[in-house]
Amino acid sequence: MTLRIGIAGLGTVGGGLLSLLTEDGRARMIGSDIAVTGVSARTKNKARAVPIDAYDWYDDPVALAEAPGTDVFVELMGGAEGPAREAVTAALKAGKSVATANKALIAAHGEELARLAEENGGALKFEAAVAGGTPIVRALRDNLAPCRVEAVSGILNGTCNFVLDQMANHGVAYDDAVVQAQEAGFAEADPSLDVDGIDAAQKLAILAMLAFDGTVNPELITEQNNIFAVHGISNITLDDIRFARRFGFVIKLVGEAKRAGDDITMAVSPTFVATGHAFSKMEGAGNAVAVIADPLGELLFTGPGAGAGATASAVASDIVSLARKDGGPVFTAPVDRLRPLPVREGGEELRLYALRLRAEEGELDEEAVTAALAEAGCFTSRCELVGDDLMITTSPIDEKTLSSARTLLFTRGLARTENTFPILTL
Ligand SMILES: NC(=O)c1ccc[n+]([C@@H]2O[C@H](COP(=O)([O-])OP(=O)(O)OC[C@H]3O[C@@H](n4cnc5c(N)ncnc54)[C@H](OP(=O)(O)O)[C@@H]3O)[C@@H](O)[C@H]2O)c1
């Protein structure tokens, strides 16, 4: 029996999916009879790379989601609310299955939508929502289901990685690198969701749900909370990049979710990554996810985090999985067995930090600075004066200690902090 697909959203990913399903993809979907029957987007008469005349057009994505001719509703419009949420909800309520690439929607409403899928007998798939074409969602949900995941971390935002890569390897200033990302089609006209770390935080929340069998309160996915710290890359300068290089690191936007006793810690921040670490080698819009799981040890998934072909291939893999009637829960367990994850205040964790300090005026007194840092409980493991900057790496400290050390330096007029970075130790 043919599986009839309705696609809402015909932009980068939707266009890529149509071309994959209609041009060369079907032959590879072994044993699956799949046909696109209906499509929806904002503007019917827009010029599109792939012709859509052969499909029924729907002005309203909800109508497509509910149409009797749609077995699987594919949501590729984006956004946590509005038409994406309404249409996915309508499809699931009608007992249909859904595939989506929408991390904002899954991070904000994944639990509620999974419940709807369970109650109405449909499935909800979102392989493309994290790391684009890199197959990490199914790996966590299925392959790693018998394992105890201790930590999951990754470079989850292609735009930020592209920008940091341009800064580190081509000496491009931050603002210019963002423009280059926009010109290359990686960044939106308004890149704030990416560069502020929110997009990476949404993806990390989804990974944590899959890794630790629970739900993450969506209210934690903001820049303004002390629990799940979310920091972006917009204050990174070429001086920071040089500082990192001098100490043998590169700066990457890293999301980390770990077990800490009975709790979970989660953070997204620009992080010093040692040049030998696999994350340091991720170039352009590439994504990487590392998982530490018992009894497997460490696993590394790398691949394209964005782009039409890569993301469409992940969505198509969900469609194939639906055609094959691969079962199982939406996350790792039925919704009633998912517990709210006890996300602990990240600042309590002991971490190594790198600090770049500068004198308020005149020369920096290295000895006085390190003595004041030690007085606050922040011991330095490496300290080097480079031009106007004193570069320091610390012994393991928590955020409170780091913050009081910085305040002490400032109130004594010894130095101000130009920037601070956690150092990746996973
Ligand atoms: N781009 C990537 O590389 C990538 C990677 C991973 C995940 N994703 C996710 O994939 C989803 C789609 O991203 P995209 O990059 O393909 O976006 P996009 O290029 O901006 O395309 C969005 C599509 O949705 C349609 N649309 C927007 N608002 C609508 C509305 N109110 N009603 C009906 N249709 C509407 C647009 O219609 P018109 O064409 O008529 O304007 C357009 O076809 C998002 O959730 C995104 O986060 C994207």
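The values are calculated or read from the model by the stated rules, or taken from the named source; none is laboratory data. Please read these numbers as outputs of a predicted model, since none were measured by experiment. With ideal geometry, Cβ positions are generated from the backbone for all residues, glycine too; neighbour counts draw on all protein chains shown. Accessible surface areas use protein heavy atoms only, side chains included; no ligands, DNA or RNA. Shrake-Rupley method; radii C 1.70, N 1.55, O 1.52, S 1.80 Å.
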For segment 336-373, how many residues meet the condition of being farther than 21 Å from Phe247 by Cα and modelled with pLDDT of 90 or more?
-> 11
Quick one: count up the residues across segment 327-374 that are closer than 30 Å to Gly110 by Cα and open to solvent by less than 20 Å² (accessible area, probe 1.4 Å).
-> 8
Do you know which residues across segment 66-80 are of a type outside the set (Val, Ile, Thr) and within 11 Å of the ligand (Cβ to nearest atom)?
-> Glu75, Leu76, Met77, Gly78, Gly79, Ala80
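Given the criteria open to solvent by less than 30 Å² (accessible area, probe 1.4 Å), on the phi < 0 side of the Ramachandran plot and in a loop (DSSP other than H, G, I, E, B), does Leu409 qualify?
No, not satisfied.
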Among (1) assigned to a loop (DSSP other than H, G, I, E, B); (2) open to solvent by less than 40 Å² (accessible area, probe 1.4 Å); (3) on the phi < 0 side of the Ramachandran plot, which single condition is Ala257 missing?
-> (1)
Only one of Ser321, Ser313 is open to solvent by 40 Å² or more (accessible area, probe 1.4 Å) and either not hydrophobic (A, V, I, L, M, F, W, C) or not assigned by the TED database to the domain that holds Val74 (or both); which?
-> Ser313
Only listed residue being open to solvent by less than 10 Å² (accessible area, probe 1.4 Å) and part of a helix (DSSP H, G or I), chosen from Val74, Val98, Val88, Val62 | Val88
Considering every residue within segment 10-29, establish whether at least one is more than 9 Å from the ligand (Cβ to nearest atom), out of contact with any helix residue (DSSP H, G or I) (no Cβ under 8 Å at 6 or more places or on another chain), polar (S, T, N, Q) and assigned to a helix (DSSP H, G or I).
-> yes
Going through (1) more than 22 Å from Asp142 (Cβ to Cβ); (2) not assigned by the TED database to the domain that holds Ile206 one by one, Ala333 fails only at (1)
Within segment 93-124, track down each residue that is within 16 Å of the ligand (Cβ to nearest atom) and over 17 Å from the mean Cα position of the chain (by Cα).
-> Val98, Ala99, Leu113, Leu124
